[in-house]
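Below is one structure, written out as structure tokens, with a few remarks after it.
The values are calculated or read from the model by the stated rules, or taken from the named source; none is laboratory data. Not measured: the values here are computed from a predicted model. No Cβ is skipped: glycine too gets one built from the backbone with ideal geometry, and neighbour counts run over all protein chains shown.
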């Protein structure tokens, strides 16, 4: 009986009334964003403090994956085949996105494939619960998640959504492309013109939103993403440590001993990307658009997974 009562108490909302942080947040939202204090408190009173979300945020990674292990997760035949199916049923929207934003279809498709397996793993947590928990009960990231909670409440007001309904990741990322609320407000688009920016269920809107994200972060139409580098000299670590933002000319790296396909001119801005595999290191010249992909997730392995999955999907589509 005691155990059942404890479970019941743990499942009840931690009411916003009387929490100084929440009170301050509500005052800010009234003054800065024009929210009604009573209505907002009613919404926040429906939010649950979720200890499981805090536990997942605190759980250290069991191990650090190398590139060989990482790519096995995302570069699967099933994910590629599902990408082809996604491309086929959304070919019109993908062509439109490429025409407007300059982003080839394969990379938009690959982002959605890597992020949510085309909507299959888009998250089942209440976005309100996640952001409420992390804003007011997770001190080391409170500032960030309080700002995201603010953006979330703004977007649900703009889109006329019940804040308690949308689902997402335990960190509050939403939809087919896993946008945080701030990214939603900045980059989500109503790509089919129905008056809603539905990145949860509307594949057309998700496609336009991902392509817009890339474009707004500097995607350059017609510029390649990356190229394999060989004969990498021993003194290349200084180039690797400079990071994924292109800060060298390809010719400079070639003079240092790097070999890259001659189709890519010396004048190209590039970075040197190092990926550790089971058999040693791979090196890649990372061009401007590779860096843009890392703006979606600040990981070289993530960007390479998107690139390689996209290329595999593109090859399969072209072969049909």
Meets criteria (more than 26 Å from residue 106 (Cβ to Cβ) and loosely packed, with under 14 Cβ neighbours inside 10 Å) for residue 261: no
Test: residue 187 is surrounded by 16 or more Cβ atoms within 10 Å (Cβ to Cβ) and under 21 Å from residue 300 (Cβ atoms): no
Residues of segment 178-212 that turn out to be without any contact (Cβ under 8 Å) to a residue 24 or more places away in the chain and not in a loop (DSSP other than H, G, I, E, B), as a count: 1
Scan of segment 270-318 for residues that are farther than 24 Å from residue 210 by Cβ and surrounded by fewer than 23 Cβ atoms within 10 Å (Cβ to Cβ), ordered by number: 274, 276, 277, 278, 279, 280, 281, 282, 283
Close pairs (9 angstrom Cβ cut-off, 6 or more residues apart or separate chains): within 15 Å of residue 250 (Cβ to Cβ) in segment 213-230, assigned to a helix (DSSP H, G or I) and at pLDDT below 95 anywhere: 229/236; 229/253
Unique residue being under 25 Å from residue 182 (Cα atoms), at pLDDT 95 or above and in contact with a strand residue (DSSP E or B) (Cβ under 8 Å, 6 or more places away or on another chain) when the list is 216, 295, 288, 228: 288
Unmet criterion (only one of (1) in a loop (DSSP other than H, G, I, E, B); (2) within 19 Å of residue 111 (Cβ to Cβ)) for residue 215: (1)
Residue 255 vs. criteria surrounded by fewer than 22 Cβ atoms within 10 Å (Cβ to Cβ), at pLDDT 95 or above and at negative phi: no
Set 243, 218: member being loosely packed, with under 14 Cβ neighbours inside 10 Å and under 21 Å from the mean Cα position of the chain (by Cα): 218
Some residue of segment 93-109 being surrounded by fewer than 18 Cβ atoms within 10 Å (Cβ to Cβ), free of Cβ contacts under 8 Å to residues at least 24 places away in the same chain and over 16 Å from the mean Cα position of the chain (by Cα): yes
Test: residue in segment 156-175 that is within 21 Å of the chain's Cα centre (by Cα), assigned to a helix (DSSP H, G or I) and either surrounded by 15 or more Cβ atoms within 10 Å (Cβ to Cβ) or free of Cβ contacts under 8 Å to residues at least 40 places away in the same chain (or both): yes
Pair list, Cβ < 9 Å and 6+ apart or interchain, from segment 21-48 residues that are surrounded by 11 or more Cβ atoms within 10 Å (Cβ to Cβ) to residues that are at pLDDT below 95 and in a helix (DSSP H, G or I): 48/11
Those residues of segment 94-118 which are over 13 Å from residue 177 (Cβ atoms) and in a helix (DSSP H, G or I), in sequence order: 94, 95, 96, 98, 99, 100, 101, 105, 106
Some residue of segment 126-138 being surrounded by fewer than 23 Cβ atoms within 10 Å (Cβ to Cβ), touching a helix residue (DSSP H, G or I) at 6+ places or on another chain (Cβ under 8 Å) and part of a loop (DSSP other than H, G, I, E, B): yes
Hits in segment 1-21 (condition: at pLDDT 50 or above, under 17 Å from residue 145 (Cα atoms) and either in contact with a helix residue (DSSP H, G or I) (Cβ under 6 Å, 6 or more places away or on another chain) or not in a helix (DSSP H, G or I) (or both)): 19, 21
Conditions (1) closer than 15 Å to residue 212 by Cα; (2) touching a residue at least 12 places away in the same chain (Cβ under 8 Å): number failed by residue 141: (1)
Members of segment 75-93 that are in a helix (DSSP H, G or I) and either at pLDDT below 95 or within 22 Å of residue 187 (Cβ to Cβ) (or both): 83, 86, 87, 92, 93
Members of segment 22-59 found to be part of a loop (DSSP other than H, G, I, E, B) and touching a helix residue (DSSP H, G or I) at 6+ places or on another chain (Cβ under 6 Å), listed by number: 35, 47, 48, 49, 50
